[in-house]
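Student: I am attaching a structure below and will ask some questions about it afterwards.
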Amino acid sequence: MQTIRLKLKEHVMSGVAKIPVEVDSLTPDNLFGKNEAAIKAVKVWWGNRQENTGDLFDVSVEGTAGSAGEVKIIFEGDLTRVKHIGDGMKAGEIEAHGDVDMHCGAMMEGGRVTVKGNADCWAGREMKGGELIIQGDAADNLCAMYRGEMTGMTGGKVTVEGNAGECVGQYMAGGEILIKGNADVLAGYAMRGGRIVIEGDAAIPGADMIKGDIIVKGEVEMLPSFKHVGVETIDGAQYDKYLGDYAMGEKKAKGTLYVKKK
């Protein structure tokens, strides 16, 4: 196992304007086989210019790896303006020790990313595989598609131990999302597949959905365009079962919303 520690230097986030750093080039796939000097030479974006990783991060390497799956990257320091952590990664492990900026875990295909804090908008965007764990809250558009795209998450698993913002799983077509807290408005908007489990409350889930499952264990603000079709037992608890969204037309209303009975 190889552990690569990347600690953001204090001068990077000093000053009034905290210029974002984009680190999609710093994944286990890209750093596998590189020594410390080579890692320091990898280019990352800092605002509108490219810099060497070693100019922005303190870099240390321990151990060896026989594959990208045996590489673990640990991001440390002030990560609130560090974007694209784990973007597109295919194997290995990443830990982010603190709150992170947008697009964490975007377009992941494999491996695991753990955020020991909160994640800003579009975490898990268009994710295809792997696992994303957010130990705090997730902001808007978790596992959604980005502007101009038509498909969100298609595979993998995401767990949020806190609350989630608006439009969780927007245009989601596969995979699994678990929100242990509450979800803001429009979770599962235009959902095409996959599963969202919300252990807390949800407001207007499933709008425009045509496929997939949403399970809500807390209070729900329902849309009138869902039809109650019975009661089902899930993991020993009873849930009201609804089909929808009938606003999309009767033939398309094949999404399922389960609401835990009180």
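Student: In this structure, is residue 197 closer than 17 Å to residue 258 by Cβ and assigned to a loop (DSSP other than H, G, I, E, B)? If you could, list the steps in order and put the result at the bottom.
Tutor: Working: closer than 17 Å to residue 258 by Cβ: yes; assigned to a loop (DSSP other than H, G, I, E, B): no.
It is false that residue 197 is closer than 17 Å to residue 258 by Cβ and assigned to a loop (DSSP other than H, G, I, E, B).
Student: Counting only residues that are more than 17 Å from residue 84 (Cβ to Cβ), assigned to a helix (DSSP H, G or I) and in contact with a strand residue (DSSP E or B) (Cβ under 7 Å, 6 or more places away or on another chain), how many does the stretch 40-73 have?
Tutor: The number of residues fulfilling the criteria is 2.
Student: Considering only residues that are small (Gly, Ala, Ser), touching a residue at least 24 places away in the same chain (Cβ under 8 Å) and on the phi < 0 side of the Ramachandran plot, which ones fall in the stretch 194-221?
Tutor: Answer for the stretch 194-221, where residues must be small (Gly, Ala, Ser), touching a residue at least 24 places away in the same chain (Cβ under 8 Å) and on the phi < 0 side of the Ramachandran plot: 200, 207, 218.
Student: Sticking with this structure for a sec: Within the stretch 130-153, which residues are β-branched (Val, Ile, Thr) and surrounded by fewer than 20 Cβ atoms within 10 Å (Cβ to Cβ)? Full working, then the answer.
Tutor: Pass one, the stretch 130-153, residues β-branched (Val, Ile, Thr): 133-134, 151.
Within the stretch 130-153, 133, 151 qualify.
Student: Of (1) over 16 Å from residue 168 (Cα atoms); (2) in contact (Cβ under 8 Å) with a residue 40 or more places away in the chain; (3) acidic (Asp, Glu), residue 245 satisfies all except one. Which?
Tutor: Exception for residue 245: condition (2).
Student: From the list 97, 84, 103, pick out the single residue that is surrounded by fewer than 17 Cβ atoms within 10 Å (Cβ to Cβ), of a type outside the set (Asp, Glu) and either modelled with pLDDT of 95 or more or touching a His at 6+ places or on another chain (Cβ under 6 Å) (or both).
Tutor: Values: 84 fails: surrounded by fewer than 17 Cβ atoms within 10 Å (Cβ to Cβ); 103 fails: surrounded by fewer than 17 Cβ atoms within 10 Å (Cβ to Cβ).
Every option except 97 fails the conditions.
Student: Taking the condition of being touching a residue at least 24 places away in the same chain (Cβ under 8 Å) and more than 18 Å from residue 248 (Cα to Cα), how many residues in the stretch 222-235 meet it?
Tutor: Here the count works out to 3.
Student: Could I ask something else about it? Mind checking whether some residue in the stretch 143-152 is in the same structural domain as residue 253 (by TED's automatic domain parsing) and under 14 Å from residue 216 (Cα atoms)? Walk me through how you get there before you give the answer.
Tutor: Initially, the stretch 143-152 is screened for residues in the same structural domain as residue 253 (by TED's automatic domain parsing), giving 143-152.
Retained after the next criterion (residues that are under 14 Å from residue 216 (Cα atoms)): none.
Checked against the condition, which is being in the same structural domain as residue 253 (by TED's automatic domain parsing) and under 14 Å from residue 216 (Cα atoms), the stretch 143-152 yields no hits at all.
The values are calculated or read from the model by the stated rules, or taken from the named source; none is laboratory data. Note that the structure is predicted; figures quoted are calculated from it, not measured. Every residue, glycine as well, gets a Cβ built from its backbone with ideal geometry; the counts of neighbours run over all protein chains shown.
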